[in-house]
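Scroll down for the structure; my scribbles are underneath it.
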Amino acid sequence: MSHEVEAFMQEVIGRDPDEPEFHQAVHEVAECVGPLLDRHPEYRRARILQRIVEPERVISFRVNWMDDNGDVQVNRGYRVQFNSALGPYKGGTRFHASVHLGIIKFLGFEQMFKNALTTLPMGGGKGGSDFSPKGKSDAEVRRFCHAYMNELYRHIGPSTDVPAGDNGCGGREIGYLYGQYKRLTNRFVGVFTGKGIDWGGSLIRREAAGYGTVYFAQELLATRGTSFEGKTVTVSGFGNLGYHAIEKLNELGARVVTIADEDGFVHDPDGIRGEKAAFVRDLWTVHRMSARDFAERYDLRFRPGKPWQVKCDVALPTATENEIQLEDAQQLVENGCMCVAEGANMPCTRDAVRLFAEHNVLFGPGKAANAGGVAVSGLEMSQNSMRLKWSRAEVDDRLRRIMKGIHDLCLETAADFGKPGNYVVGANVAGFRKVATAMLEQGLV
Ligand code: 2IT
């Protein structure tokens, strides 16, 4: 590690010592952008790196709601408005017990660069709460979402900050959140993305993160002259992103052999397709069931641990941060895995990413590979502004082009900075450069 990066990281860690995921995300960017700062002394003079890691605004608020027993519950809500150089703050909402400020800051920081890579006019932000919908009744989820919006509504708006979903915040939650926003403001505006198809949502938004990750991985494989046809693929999370990745992989002739959750994974050597895949789609959203329930229903093997021990050609981590640790990466490499594309945000640890690079494993970092979700959110915003709706084919075509554009930009930037084939360098430098240039042009604001 260079002295400059080391000193910088000590500053960042010293300021907020309890935010390891945020430090991890910052560290990766800081390590990549040194040569860019050398080329642009004006970035150093304007202290862009020091400014870019500081959120423009952090909102933390109390969320009190009543559970089904009539007991009062208190959660903590957050919205981190990270950077608005490129457009209104934009990014998802995570509802999970593990949420704390450091998690939302890491996600908001990643989001800023991811959004820049899409080429659409969106700044970076993220929000959420330590509330987990798992195990809660529908009425409890609704009361929580309404309570969360009772505070959030004053901080967001179609030209200010446009939230969306993330882990634990899907179509149901977005409906409740949007409904309460509308009731409080008396406005029907494009303030959330991932909305229902009949009330302002975009076609393909639901599919976008999963499809987009697969489109990106297709581009990765194409650089080695191959495709998904006949490939064995391991997938972890089976939420919105995981399921739609599986759907697209099946369409492309791949064999998806795992899904997983916090308790373990299902191994289906025949491939999760047809009726089984359709059941995965509804597993949580309709049936509120787990991976173990899925295994029992189809008489498949359920094993504790992670799916990365299963032999595969391509691995798509689609669950959560740091789900691929060094030992998981070692197992993937030993088993001959040739490509890893991050569907989730930062699912691979720094050690894991380094190992993939050492072994020439194609690696698509999340801020590039999973940008399809927010890209179609950007298209949802465009459609809302025009009060028009595009067809599935139109949105899917734009998504494909955006993912190919991100891929090519990462590849070109990596080569330009002397790291051919290194998409981590490509994504970080290209995303950073765009945000940094806008910050510079807008002055010291
Ligand atoms: O991580 C992400 O990119 C998201 N959760 C989606 C963000 C968005 O605004 O659509």
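Read-outs: derived from the displayed coordinates by stated rules, not from any lab. Everything numeric here is computed off the predicted structure, so don't read it as measured data. Methodologically, a virtual Cβ is constructed for each residue, glycine included, from the backbone with ideal geometry; neighbour enumeration extends over all protein chains shown.
Using the structure shown, list the pairs from Lys90/Lys134; Lys195/Lys389; Lys105/Lys367; Lys195/Lys404 with a Cα-Cα distance above 19 Å, or answer none. Before the final figure, lay out the partial values.
On the way: Lys90/Lys134 25 Å; Lys195/Lys389 13 Å; Lys105/Lys367 15 Å; Lys195/Lys404 26 Å.
Going by Cα-Cα distance, Lys90/Lys134; Lys195/Lys404 fall outside the 19 Å limit.
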- Note on the structure: Rh (Kirkwood, all Cα-Cα pairs) for the chain, Å, reads 21.9 Å
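With only Lys, Arg, Asp and Glu charged, each at its Cβ (+1 for the first two, -1 for the last two), find how big the charge dipole of the chain is about the Cα centre; round to the nearest 20 debye. Numbers along the way, then the final one.
Values: 54 positive and 57 negative charges, 292 e Å.
Its charge dipole is roughly 1400 debye.
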- Antiparallel %, DSSP beta bridges [both residues in the chain], to 5: 60 percent
- Message: Please report the spacing between the Cα centers of region 132-172 and region 423-445 in Å, no decimals.
- Response: 30 Å
- Task: State the answer as a single residue: which of Leu355, Gln383, Gly372 lies farthest towards the positive end of the charge dipole of region 329-394, with beta carbon charges of +1 for Lys and Arg and -1 for Asp and Glu, about the Cα centre.
- Result: Gln383
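What chymotrypsin sites (Phe, Trp or Tyr not before Pro) does region 182-267 have in DSSP loop regions with at most 14 other beta carbons within 10 Å? Present the calculation step by step, with values, prior to reporting the outcome.
On the way: sites: Phe188, Phe192, Trp199, Tyr211, Tyr215, Phe216, Phe228, Phe238, Tyr243, Phe265; in loops: Phe188, Phe192, Phe228, Phe238.
Hits after loop and neighbour filter: Phe188.
Divide the volume of the convex hull of the Cα atoms of region 165-253 by its number of residues and quote the answer in cubic angstrom per residue. Don't jump to the answer; show the numbers that get you there.
Working: hull volume 8.7 nm³, N = 89.
So the per-residue hull volume is 98 Å³.
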- Query: What trypsin sites (Lys or Arg not before Pro) in region 308-368 are in a loop by DSSP, with at most 16 other Cβ atoms within 10 Å of the Cβ?
  - Reply: Lys311
- Ranked by GNM mean-square fluctuation in the chain (Cα springs under 10 Å), the top entry among Ala415, Ala368, Ala291 is Ala415
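Pairs of Cα atoms under 8 Å, at least six residues apart: use those to get the relative contact order of the chain, whole percent.
On the way: 908 pairs, mean separation 68.9, N = 445.
Relative contact order of the chain: 15 percent.
Where both partners of a DSSP beta bridge lie in region 243-354, what percent of those bridges are antiparallel, to the nearest 5?
Numbers: 7 of 10 bridges.
If we restrict to bridges inside region 243-354, about 70 percent are antiparallel.
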